[in-house]
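Working notes, beginning with the structure itself.
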Amino acid sequence: MGIAMWSLFPAVSLTGALLAAQFALCVLSTVRPARVSQWWLLGVLALAPLALVGGGTLSVPAYVLAVTLAWTAGQWRRAQHDRLVAETRRAVAEERARIAREVHDVVAHTVSVMVIQAGRNETTC
């Protein structure tokens, strides 16, 4: 099926394959660290000469720009996710600190009431 499509519509199926590679690169750069996805970026950029099959001389710079933008979009999404995780952790830490302060205040108040009551009991005995 794929070979038949390639023989009938070489430019269309090649364009689809290159778009799929760009989408895969975007997803990969979202879920993997930059040092890993950079190698994939270079691999997908190595396919740039294939863009000449489907179009003119502007197709290679357009392909390089599209691939770079796909990788950048994935990195932006990863940074956005990391920022959200950091904000969530900070909010959890702040809430834990607030609860700890409240518990400390309650325990301190209870202990002072116990000391006052014990002192009153000693004076009355």
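The values are calculated or read from the model by the stated rules, or taken from the named source; none is laboratory data. Keep in mind it's a predicted model, so treat the numbers as computed, not measured. Here the Cβ is made from the backbone with ideal geometry for all residues, glycine too, and neighbour counts use every protein chain on show.
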Being of a type in the set (Gly, Ala, Ser), closer than 27 Å to LEU19 by Cα and assigned to a helix (DSSP H, G or I), is that true of even one residue in the stretch 85-103?
no
Here the residues within the stretch 72-125 that are at pLDDT 95 or above, under 30 Å from SER37 (Cα atoms) and among the aliphatic types (A, V, I, L, M) are LEU84, VAL85, ALA86
Please work out which residue is surrounded by the most Cβ atoms within 10 Å (Cβ to Cβ), limiting yourself to the stretch 26-71 and to residues that are modelled with pLDDT of 80 or more, of a type outside the set (Gly, Ala, Ser) and not in a helix (DSSP H, G or I).
ARG32
Quick one: what pairs do we get from the stretch 11-27, first residue more than 14 Å from THR72 (Cα to Cα) and aliphatic (A, V, I, L, M), second at pLDDT below 70 and in a helix (DSSP H, G or I), C-beta under 7 Å, 6+ apart or different chains?
ALA11/VAL53; ALA11/GLY54; LEU14/VAL53; LEU14/GLY54; LEU18/ALA51
